[in-house]
Amino acid sequence: MEEGEEETCARIEREVRDCLGDPNAAQLGNDPTLLRQKSYVDELEMEVDEEEEQADEKKKLMKEKLWKLMCTYLPCDVLSLQKSIVQHVEYTLARRRYKKDKGSFYQATAVSVRDRLIERWTDTQQYLSSKDTKRVYYLSLEYLLGRNLQNAMSCLALRNRYAAALEELGYKLEELTEEERDPGLGSGGLGRLASCFLDSLATLNYAAWGYGIRYKYGMFEQRLIGRAQAEFPDFWLKEGYPWEVERPDVQYLVKMYGQLEEDGKDPVTGRPRVNWVGGEDVIAEGFDIPVPGFHTWNTNNLRLWTSKASCEFNLGSFNDGQYYAAIGEKERSEPLTSVLYPCDNNAPGKELRLRQQYFYVSATLQDILRRYKKRPEHSLLDLPRKVAIQLNETHPAIAIPEFMRLLLDEECLGWKEAWHITQNTFAYTNHTVMPEALEVWPLPLMEQLLPRHLTIIYEINHHFLGEVRARWPADQGRVARMSIIEESEPKLIKMAHLAIIGCHRVNGVAQVHTGLLCSSLFPDFYEMWPQKFVNITNGVNHRRWMLQANPAMSAVISKWLGTHDWIHDLGLLARLKDLSSNPELQRDWQEAKMYNKRKLADFIKRECGIVVNAAAMFDVHVKRIHEYKRQLMNILGVAYRYLRILSLQQEGNTEALGQMVPRVVIFAGKAAPNYFVAKDVIKLVLAVAGRVNNDARIGDLLKVVFIPNYNVSMAELIIPGTDVSQHISTAGFEASGTSNMKFCMNGSLLLGSRDGANLEIEQSIGKDNMFMFGANTKEVDQLRRTINFRKPQMDGRLRWVLEEILSGRFGATFHDLVNSLQPGNDGYMVGHDFGSYLEANEVVDSIFKNPPAWTTKCIDSCASMSRFSSDRCIREYAEKIWQVVPHQFKPPGKVANVD
Ligand code: NBG
């Protein structure tokens, strides 16, 4: 940062701290005299092997003693926090107290915060059980949690106190935060959405648990080597993960492979009894991560499963002297949860993936059933009144036959009852219409791995197709289209059909997406069960994405609204609209933006070695690299801008050059390791960057940056520092998009195609505040049908760029990419939309030149984003799908005298 700016930054930092104050600390009761839930002690089971009467007396005394020892919450004054941190440094981590090292202080601080979460967490769970509330279980194979320290401290309203406590010990909270490694347990938007949902569920006091997999290796680390992506394993657990609690007492056996044996008839239901024998057993062990709500006592749980061998040693082999073979078997079970498949919008179709899915689902459902059955008064038939299970995509859809298996084979229910319970408990969210992302499993694989499940799937299909035939007699085509089994070679099991049939609700994630589900992807199902299909447009957790990621802007908002209450109720932002052209608000707003841009510029210099001018427009395109997301169109636009600058210089057209707006075009995102087209796109971005950034004639007019290893915490840095962000997927392909919401909430304008949630954002913020371009879904559909026999003319500017690429102007000639854009090959309509894309970019430039007009748009847009909070979204799920209401836990009261 340059000199002279220091003062402004210090002031902003101060305001930021004010904004992140602890407004509700008192009411949250960080007070050591507050009583905890007593029922633990009341319910305590004690083994006392003496005479009954004596035992009762003894029990009472011991309970009283225990209660006194743990009847209040941990103290949270600055000195107590310091003691707790130092104690953890010394006793938990066994480090020398006086050794200064950030890593240990981060870990110790995290564990100290975790202690305070745990007491709320156990009390919340105890309270919810005592109320016998309906619980929501969110099943997702992916979570992108992001860093937890800041989030947890803000939730507990303890951020300032921890900052003060650390400061006196010689540490800056901001610096310790940087020590935390992102748990990359997801590959893209779907996993981040799941995490935003967990946060909102806790904040809104819904009784909900997330279930997932504790992958040993998360989303791969992306490095740029030789101007190309290289993948490295992400062993995120290297330093341990202080937020989790291992639960060796929570273990389930999961069986795979083996054979079926008929075992007579069930005397009650009269159904043939089947035994599933042989095969392999794997143990699932739970790890719990507390999920705090913001400024509420409620603390939910995220339970992640890890796989373990079913016995430490196979005794038979051990006695045979087969010591190494026995250990080998143990080793074989462990890799099940080793690695996350890094595909986004693409089904890997690998056996290991199906094994992961089943392993995770089986452990989860056994856990849910065990919890439900703990209360003797709970009858299985009532389960849907107490349990709602949401399937995040079809990844956990094997839960439908697994739940049926548990109810039929373990609980001995009849088919009708089991099916009724299953259908009314489960709901399914679809997140994609991309054919390559729709999961199908080869029938022979299912037969080998899960023979019992295959027979259940056959039976589900049999009953279902019976219904279809009854309703549409003699419509064999419809029966074939709707069947769970695709009669191909080999036969395939369509998981989306299984999910739709087995669930009582199916939802899409944006209006246009849900429309496509009903009209193009599943029209037969929609015709059969129109009431099953609902739309719930996605949302994001504005507390992480505004308050935590962008304290500078949050401070401005609080100052101008005169309250922090917008943090709870984003609707309050609307009041900013009346003020959006006020020059003083604009000045504050621009200052905050500039502060964030400088931080981003510093980061780019450190990470990429590229110096960028913070006064230039920061134009950002960050997301997974995919053809449909059209990073290619962006970089071709950049190449065009570069060529145009050079040609204007050649012409000596100083007037036009003087009108140009300096831009820094920033890319980030990972390509799946085996997605070679996407990797080529990264290569092209790096090639263009290499050429443009090193061309002295260009100067600050254009810079191109690719930031490696995009993840949640990097998004928290990039998004606030953005002027304009690109969401330019081919219409009909991006189910929703969620970063578009985050950018808009952070005062960035959107350059977007007519796709996913872009359309609803436009409705909310107004057409004038959005730069929209290109074909809509209908047009794309038409174009894709006709493209092969009516080749369109290519835009002259695009032809120019492609010719220059082929000529080697940017190093390699990228033949395959260029070829993919030739009329007839261009399935993602880059050619069709290129012209309108460039024109939209010109409009962006022209408005950016007028800072007051630009800033008004930014403020107005941000002020209109309340609909896109995940709070709204979760309330809709609660009402339309889960039928649950909030239950807020509060501690029972104060204790007068603890001793
Ligand atoms: C993704 C979509 C995004 C959407 C997220 C969250 C999958 C399968 N789908 O558009 O591509 O925002 O889900 O709903 O990852």
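The values are calculated or read from the model by the stated rules, or taken from the named source; none is laboratory data. All values derive from a computational prediction rather than experimental measurement. A quick note on method: Cβ atoms are made from the backbone with ideal geometry, for glycine too, and the neighbour counts reach across all protein chains shown.
Of the conditions (1) modelled with pLDDT of 95 or more; (2) in a loop (DSSP other than H, G, I, E, B); (3) more than 16 Å from the ligand (Cβ to nearest atom), A157 clears all except one; give me its number.
(1)
Just a yes or no: is a residue in region 440-455 part of a helix (DSSP H, G or I) and polar (S, T, N, Q)?
yes
On the basis of being more than 16 Å from the ligand (Cβ to nearest atom), free of Cβ contacts under 8 Å to residues at least 60 places away in the same chain and surrounded by 24 or more Cβ atoms within 10 Å (Cβ to Cβ), does F403 make the cut?
So F403 fits the description; yes.
Which one of these does C196 not meet: (1) within 24 Å of Q107 (Cβ to Cβ); (2) within 15 Å of the ligand (Cβ to nearest atom); (3) in a helix (DSSP H, G or I)?
(1)
Of all helices (runs of 4 or more DSSP H) completely enclosed by region 307-375, which ones contain at least 2 residues that are touching an Asp or Glu at 6+ places or on another chain (Cβ under 8 Å) and at pLDDT 95 or above?
Per the criteria, 351-373.
Report yes if some residue within region 175-188 is part of a helix (DSSP H, G or I) and of a type in the set (S, T, Y); otherwise report no.
yes
Keeping to region 189-221, report how many residues are closer than 30 Å to G811 by Cβ and surrounded by fewer than 24 Cβ atoms within 10 Å (Cβ to Cβ).
Total meeting the criteria: 2.
What number of residues within region 716-738 satisfy the criterion of being touching a strand residue (DSSP E or B) at 6+ places or on another chain (Cβ under 7 Å) and in a helix (DSSP H, G or I)?
Residues flagged as touching a strand residue (DSSP E or B) at 6+ places or on another chain (Cβ under 7 Å) and in a helix (DSSP H, G or I) within region 716-738 amount to 2.
Let's see how each residue does on (1) modelled with pLDDT of 95 or more; (2) touching an Asp or Glu at 6+ places or on another chain (Cβ under 9 Å); (3) within 16 Å of the ligand (Cβ to nearest atom):
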| position | (1), (2), (3) |
| --- | --- |
| G502 | yes, no, no |
| A510 | yes, yes, yes |
| F525 | yes, no, no |
| M528 | yes, yes, no |
| V534 | yes, yes, yes |
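For residues that are closer than 14 Å to E486 by Cβ, surrounded by fewer than 21 Cβ atoms within 10 Å (Cβ to Cβ) and in contact (Cβ under 8 Å) with a residue 40 or more places away in the chain, scanning just region 429-444, find the one that is farthest from the ligand (Cβ to nearest atom).
In this case the residue turns out to be P444.
When you look at R95, is it under 26 Å from the mean Cα position of the chain (by Cα) and of a type outside the set (V, I, T), yes or no?
Criteria not met by R95.
Of all residues in region 776-794, count the ones that are part of a helix (DSSP H, G or I), among the β-branched types (V, I, T) and at pLDDT below 90.
Residues that pass the stated criteria total 1.
State whether one or more residues within region 482-496 are within 21 Å of E734 (Cα to Cα) and within 16 Å of the ligand (Cβ to nearest atom).
Within region 482-496, one or more residues are within 21 Å of E734 (Cα to Cα) and within 16 Å of the ligand (Cβ to nearest atom).
In the list V843, V801, V818, which residue meets the criterion of being among the hydrophobic types (A, V, I, L, M, F, W, C), surrounded by fewer than 16 Cβ atoms within 10 Å (Cβ to Cβ) and either without any contact (Cβ under 8 Å) to a residue 40 or more places away in the chain or in contact with a Phe, Trp or Tyr (Cβ under 7 Å, 6 or more places away or on another chain) (or both)?
V843
Please work out if Y252 is outside any loop (DSSP other than H, G, I, E, B), at pLDDT 95 or above and of a type in the set (S, T, Y).
When the stated conditions are applied, Y252 passes them.
Tell me which residues, restricted to region 716-730, are more than 13 Å from G747 (Cβ to Cβ) and buried (at least 24 other Cβ atoms within 10 Å of the Cβ).
I718, Q726, H727, I728, S729, T730
Which residue out of I719, I761, I765, I728 is within 16 Å of the ligand (Cβ to nearest atom), in contact with a Cys (Cβ under 8 Å, 6 or more places away or on another chain) and among the β-branched types (V, I, T)?
I761
For region 876-892, how many residues are surrounded by 15 or more Cβ atoms within 10 Å (Cβ to Cβ) and part of a helix (DSSP H, G or I)?
The total comes to 5.
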